[in-house]
Amino acid sequence: QLQDRVRELSQELDDERNETSRLSEESAKLTELVSEKERLLLEAAELMQEAQRHYETQRERAEALLSERTDAVVASENLRSQMQDAAERHNFETQELSTTIERLRAENDRLANEIEELSGDQ
């Protein structure tokens, strides 16, 4: 009976050793898994920081481009306005010159008729 008890205790000891070994391996695997997850989290954090820097750079670039576009639109509108003013001024001056030419032609015709009348009387 003692030998049976020794064999039984020996078997329990072997079972405990096997269980301890299995738990130790599982613990090592879990520790490795935790380490891998920590590494991945650090890598993800670095990627997020890089993405944030890229976002900020692109946002600043977009703001600069928007500002340049706004300036270009304002400059274009100013130039359009100046050209419209110049065209209106040119049209006015052309009308003034046309009126002056018509008046001078009428005056020239009147003077020519007057000269003709004066020449014909003598």
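The values are calculated or read from the model by the stated rules, or taken from the named source; none is laboratory data. Fair warning: this is a prediction, and the values are worked out from it, not measured in the lab. All Cβ positions, glycine included, derive from the backbone under ideal geometry; neighbour counts span all protein chains shown. SASA here: full protein model, heavy atoms, side chains in, ligands and nucleic acids out. Shrake-Rupley method; radii C 1.70, N 1.55, O 1.52, S 1.80 Å.
Key figures
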| item | result |
| --- | --- |
| Criterion (open to solvent by 90 Å² or more (accessible area, probe 1.4 Å) and acidic (Asp, Glu)) met by exactly one of ASP4, ASP85, ASP15, ASP71 | ASP71 |
| Test: residue in region 102-117 that is surrounded by fewer than 10 Cβ atoms within 10 Å (Cβ to Cβ) and assigned to a helix (DSSP H, G or I) | yes |
